[in-house]
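The values are calculated or read from the model by the stated rules, or taken from the named source; none is laboratory data. None of the values given here were measured: they were computed from a predicted structure. Cβ: placed from backbone, ideal geometry, glycine included. Neighbour counts: every protein chain shown. Remember, those area values only see protein heavy atoms, side chains included, never the ligands or the DNA or RNA. Shrake-Rupley method; radii C 1.70, N 1.55, O 1.52, S 1.80 Å.
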Amino acid sequence: MTAIQAMTVALMVEVQILTRKGRPPARERLVEWARAAWRHPSRDGEVVLRITDEAESRRLNHDYRGKDHPTNVLSFPFDPPPEVDQDHVGDLVVCAPLVAQEAREQGKSADAHWAHMIVHGMLHLQGHDHATDQQAMAMEALETDILGMLGLPPRYADDGKN
């Protein structure tokens, strides 16, 4: 059992692939990346990972963020009331064609960019943010550590964007 597996056995991931546009990775890879980003090894968790197209991403981004364009990843954390015993952490929605386009534009492997998007979204589900410089630095450091554990290059080494 690897260190990543030992840390992540408590996360269940439901993968919904609604498009083949953008060539999403295999379900097993998506689950591996989500579990690698799970920071609560002693807590059970459940996440829905939905792979979608530009139309759904645009609609959700508009409805929930007021932005009328598709986006690479949307995170919908779920925080149940104290009286509800629920392991559901939240939902991630990833726009496959946009992630594929970004990987090409940034000169990255598709897997490296997909892994970063999943890790980034998972950290958002767990309360991390990048609204301030201090938050961004902490989140980027976590992402770099997780990607390194997966044997992938650090996300921020090449273009400085988040």
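Data for the structure
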item	result
Residue-averaged 222 nm ellipticity for the chain, from DSSP H runs of 4+ at -39500 (n - 2.57), nearest 500	-13500 deg cm²/dmol
Kyte-Doolittle mean at least -0.5 and Cα axial length at least 18 Å: DSSP H helices in the chain	110-125, 133-149
Sequence-distant residues sharing a close amide H with Ile17 (under 5 Å, placed H)	Ile51
Packing-based order for 89-97, 61-69, using average beta carbon neighbours within 10 Å, highest first	89-97, 61-69
Per residue accessible area of the stretch 27-162, 1.4 Å probe, in Å²	51
Accessible carbon and sulfur surface of the stretch 110-159 relative to its total accessible area, %, 1.4 Å	55
Burial order of peptide ranges 103-115, 44-56 (average beta-carbon count within 10 Å, highest first)	44-56, 103-115
Long-range Cα-Cα pairs in the stretch 17-162 (distance over 26 Å), rounded percent	21
